[in-house]
Amino acid sequence: MIQFESAESNVSNSDKLPHIDMSYDPGKGYDAIHELMRAIILRTIEDFNTIGELKDAAIEYMMDEEEEYTFSFRGICHQLGFDPEKTRYAIMNATHKIRTRRRAA
């Protein structure tokens, strides 16, 4: 979102400089790579809560010990600051449905 502001209040609107919302700046909240990683984990949770091939694929993905691949379960957990074993356990042993949908802003 771009807003216009000026250093002086007597400056006309056409002379105001744009102000960029810094929450979209990497490290300030939104980060496209971390959002992708978050989406992968949320999809894994959704797939785990199904029956059949999707559930099997989610279990296989979570149980994979690969750490070098950036988008492996363990790799994502490490990047997001989660312990992979605790995260896997929490997903697989949840006593209630884990919410995976974002609320509208």
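The values are calculated or read from the model by the stated rules, or taken from the named source; none is laboratory data. Since this is a predicted model, take the numbers as computed values, not measurements. Only protein heavy atoms, including side chains, enter the accessible area calculation; ligands, DNA and RNA are left aside. Shrake-Rupley method; radii C 1.70, N 1.55, O 1.52, S 1.80 Å.
The listed residues E65, E35, E53 rank as E53, E65, E35 when sorted by accessible area, largest first, using a 1.4 Å probe.
Protein-only accessible surface at a 1.4 angstrom probe places the residues D56, D31, D83 in the order D56, D83, D31, largest first.
Ordering R99, R43, R38, R74 by accessible surface, largest first, gives R99, R43, R38, R74; the 1.4 Å probe counts only protein heavy atoms, with every chain in place.
Remark: the stretch 56-68, residue by residue, has Karplus-estimated 3J(HN,Hα) of 4, 5, 5, 5, 4, 4, 5, 7, 4, 8, 4, 10, 6 Hz, where x stands for each Gly or Pro and the curve is 6.51 cos²θ - 1.76 cosθ + 1.60 at θ = phi - 60°. Ligands, DNA and RNA excluded, the heavy atoms of K86 present near 150 Å² of accessible surface to a 1.4 Å solvent probe.
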